[in-house]
Amino acid sequence: AYRRGDLDLAEDFAHAAMPAIHASGDVFVETMNLGNIAQIALARGAISQAAAGFADALRLADEIDARWSIIDIVAGTAAVSAALGRQAQAVQLLAAADAARERSGHPRLPHFGLFAQTSAAVRGTLDDQAWHEHWQEGRRLTLDEALAHARTTLSEARMTGHVGT
């Protein structure tokens, strides 16, 4: 539904699935569904809601040390950064997530579409040199450093009050 652009249906599905996911005890799947909810909120321009979804997902992913989810949430936070107009930080978070993904051996992030969309959007706002410099800075970040930036961004974004449509 999300890929077809039916945000209402995608949101309904994601929220309807949450009780069953939670009851199953599969925290990893719960983090992924919270990421879906956050991604839908971003598509609606609801930055504070997206940040809240990613923050909740990050809290759960931390509890179970789900590195793949954590890396995905860092990439999702890049989209929040971009929505806040923080292009340099968005590139750095994308690069940090990509580097961590490579080190983990995963072929792609679960929400790769959001990663690609954010990369294209931000790349269109920066010249090649700025993009490259920020990308290299991001690749040098450890996952813990990237997480610190992500947590700060999510906290600040939750305060924006921008709830979208």
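Within segment 79-107, residues that are part of a loop (DSSP other than H, G, I, E, B) have Cβ atoms under 8 Å from residues that are open to solvent by 50 Å² or more (accessible area, probe 1.4 Å) in these pairs: 84/156; 84/160; 106/68, counting only partners at least 6 apart in sequence or on another chain. Residues that are small (Gly, Ala, Ser), open to solvent by 40 Å² or more (accessible area, probe 1.4 Å) and assigned to a helix (DSSP H, G or I) do not occur anywhere in segment 30-42.
Kindly indicate whether residue 105 is closer than 27 Å to residue 3 by Cβ, open to solvent by 10 Å² or more (accessible area, probe 1.4 Å) and within 14 Å of the chain's Cα centre (by Cα).
No; evaluated as a whole, the condition is false for this residue.
Residue 146 meets all of the listed conditions (1) touching a residue at least 24 places away in the same chain (Cβ under 8 Å); (2) of a type in the set (A, V, I, L, M, F, W, C); (3) within 19 Å of residue 45 (Cα to Cα) but one, namely (3).
Out of all the residues in segment 86-101, is one or more out of contact with any helix residue (DSSP H, G or I) (no Cβ under 6 Å at 6 or more places or on another chain) and open to solvent by less than 50 Å² (accessible area, probe 1.4 Å)? Checked segment 86-101: at least one residue is out of contact with any helix residue (DSSP H, G or I) (no Cβ under 6 Å at 6 or more places or on another chain) and open to solvent by less than 50 Å² (accessible area, probe 1.4 Å). From the list 56, 12, 72, which residue is closer than 26 Å to residue 99 by Cβ, assigned to a helix (DSSP H, G or I), charged (D, E, K, R) and at pLDDT 95 or above? Exactly one of 56, 12, 72 is closer than 26 Å to residue 99 by Cβ, assigned to a helix (DSSP H, G or I), charged (D, E, K, R) and at pLDDT 95 or above, namely 56.
Can you name the residue in segment 115-139 that is surrounded by fewer than 18 Cβ atoms within 10 Å (Cβ to Cβ) and among the small types (Gly, Ala, Ser) and, of all such residues, is farthest from the chain's Cα centre (by Cα)? In this case the residue turns out to be 130. The test for being of a type in the set (Ser, Thr, Tyr), under 14 Å from the mean Cα position of the chain (by Cα) and over 26 Å from residue 2 (Cα atoms) does not hold for residue 142.
Please enumerate the residues belonging to segment 108-136 that are under 28 Å from residue 60 (Cβ atoms) and not in a helix (DSSP H, G or I). Spell out how you get there, then give the answer.
Applying the first criterion (under 28 Å from residue 60 (Cβ atoms)) to segment 108-136 yields 108-119, 121-122.
Hits for segment 108-136 are 108, 109, 110, 111.
The condition of being over 23 Å from residue 160 (Cβ atoms) and either in contact with a Lys or Arg (Cβ under 6 Å, 6 or more places away or on another chain) or without any contact (Cβ under 8 Å) to a residue 24 or more places away in the chain (or both) does not hold for residue 56. Confirm whether residue 83 is aliphatic (A, V, I, L, M), open to solvent by less than 40 Å² (accessible area, probe 1.4 Å) and at pLDDT 90 or above. Criteria not met by residue 83. In segment 137-162, what residues are among the aliphatic types (A, V, I, L, M), in a helix (DSSP H, G or I) and under 10 Å from residue 93 (Cα atoms)? 143, 146, 147, 150, listed by residue number.
The values are calculated or read from the model by the stated rules, or taken from the named source; none is laboratory data. Bear in mind the structure is a predicted one, so any value in this text is a computation, not a measurement. Glycine also receives a Cβ, built like all others from the backbone with ideal geometry; neighbour counts cover every protein chain displayed. Surface accessibility is based on the protein's heavy atoms, side chains included, excluding ligands, DNA and RNA. Shrake-Rupley method; radii C 1.70, N 1.55, O 1.52, S 1.80 Å.
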